1. Pick from segment 62-103 the residues that are assigned to a loop (DSSP other than H, G, I, E, B), hydrophobic (A, V, I, L, M, F, W, C) and free of Cβ contacts under 8 Å to residues at least 60 places away in the same chain: which of them is most open to solvent (accessible area, probe 1.4 Å)?
2. From the list 68, 72, which residue is of a type in the set (Lys, Arg) and at pLDDT 95 or above?
3. Take the residues in segment 233-248 that are open to solvent by less than 40 Å² (accessible area, probe 1.4 Å) and assigned to a strand (DSSP E or B), then tell me which one is nearest to residue 164 (Cα to Cα).
4. Look through segment 3-51, keep the residues that are within 18 Å of residue 67 (Cβ to Cβ) and either among the basic types (Lys, Arg) or without any contact (Cβ under 8 Å) to a residue 12 or more places away in the chain (or both), and return whichever of them is most open to solvent (accessible area, probe 1.4 Å).
5. Out of segment 1-60, which residues are of a type in the set (Phe, Trp, Tyr) and under 20 Å from residue 252 (Cα atoms)?
6. Within segment 189-210, is even one residue farther than 30 Å from residue 15 by Cα and among the β-branched types (Val, Ile, Thr)?
7. Being more than 15 Å from residue 109 (Cβ to Cβ) and crowded, with 18+ Cβ neighbours inside 10 Å is the filter here, so list the residues in segment 134-148 that pass it.
8. Using beta carbons and a limit of 7 Å, which pairs, at least six apart or on different chains, have the first residue in segment 215-232 and closer than 20 Å to residue 251 by Cα and surrounded by 10 or more Cβ atoms within 10 Å (Cβ to Cβ) and the second one of a type outside the set (A, V, I, L, M, F, W, C) and at pLDDT below 95?
Amino acid sequence: MDKQLIAERFARARNTYAREARVQQQVALKMMRMLTESLLAEDCQPDELSARFRHILEFGCGTGSYSRILLRTLQPETLLLNDLCREMEECIKELCLFPGISFLPGDAEELDFPKNMDLITSCSTLQWFNDPAAFFTRCHRALTTNGVLAFSTFGSRNMHQIRQLTGHGLSYLPIEELQALLRPAFDIIHAEEEVVSLSFDTPLHVLKHLKETGVTGTEKKIWTRNRLKSFCEEYTRLFHEADDKVTLTYHPIYIIAKKRNQSNE
């Protein structure tokens with residue numbers, strides 16, 4: 001995974017991401033709903049959420065869509081926002097004016113997280129990681145007793161149209177494998193996946209959408225005129241809808257896991 005290239009692509013898309021990343025915004029809202037519902041199922045009352053999650057770390061905060069939901073819903077004492085792209089700090093600068101909120105740039109797979117976090121969370125980031133298992137171990141060390149790791153990522157059907165036509169895409173882990181990686185150190189509270197389809201007028205609009213969300217972060221091949229023409233023709237032939245639009249598939253995965261402590265093992 002070329003982290004430098006990924007950072008550059010997301011940095012260039014930071015001014016268009018909030019407008020274009022419709023699925024990611026829906027995922028962020030659903031992630032928070034699932035997180036609060038899982039706590040309510042454990043008899044944690046709505047007015048006790050702030051006490052449950054006083055210290056929160058969000059990795060891969062991006063332009064701050066999920067960050068703002070975290071702040072508004074959970075009202076933590078401290079919220080540490082991390083992103084691979086240093087440029088994202090300007091997108092969340094108004095959040096960092098609040099006491100207890102700060103930005104930590106860098107690769108979440110390499111940074112030393114503060115200890116005793118009540119919640120480590122993220123939306124639409126883990127698919128960019130090289131070693132999720134090692135990252136889960138580091139999260140376990142950083143979480144306090146009964147701390148929670150809650151994240152969304154994407155599964156194997158994500159953007160399958162792009163992979164089929166270009167031969168290029170991320171190696172997405174299935175939900176079963178993610179749970180298996182977590183189980184040595186976490187109890188799975190909730191795991192869920194879904195498939196979401198977006199419609200676009202043309203394949204060119206699909207490519208524009210991907211560019212403006214930054215998710216072309218690992219594609220290095222040049223788009224020549226002939227390559228673009230062939231791509232659009234094949235995309236229309238294979239993935240057109242009845243109304244002459246074309247589809248792009250997203251495959252969100254949601255997982256909420258509680259730290260398993262030695263006394264519980």
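1. 98
2. Matching residue, one of 68, 72: 68.
3. Of everything passing the filter in segment 233-248, 248 is nearest to residue 164 (Cα to Cα).
4. 19
5. 10, 17, 59
6. Initial filter on segment 189-210 (farther than 30 Å from residue 15 by Cα): 189-192.
Then drop every residue that is not among the β-branched types (Val, Ile, Thr), which leaves 189.
Yes, that holds for at least one residue.
7. 143, 147, 148, listed by residue number.
8. Pairs found: 216/9; 217/9; 218/2; 219/168.
The values are calculated or read from the model by the stated rules, or taken from the named source; none is laboratory data. Being a predicted model, the structure only gives us computed values, none of them experimental. Reconstructed Cβ throughout: ideal geometry from the backbone, glycine too, with neighbour counts over all protein chains shown. SASA here: full protein model, heavy atoms, side chains in, ligands and nucleic acids out. Shrake-Rupley method; radii C 1.70, N 1.55, O 1.52, S 1.80 Å.
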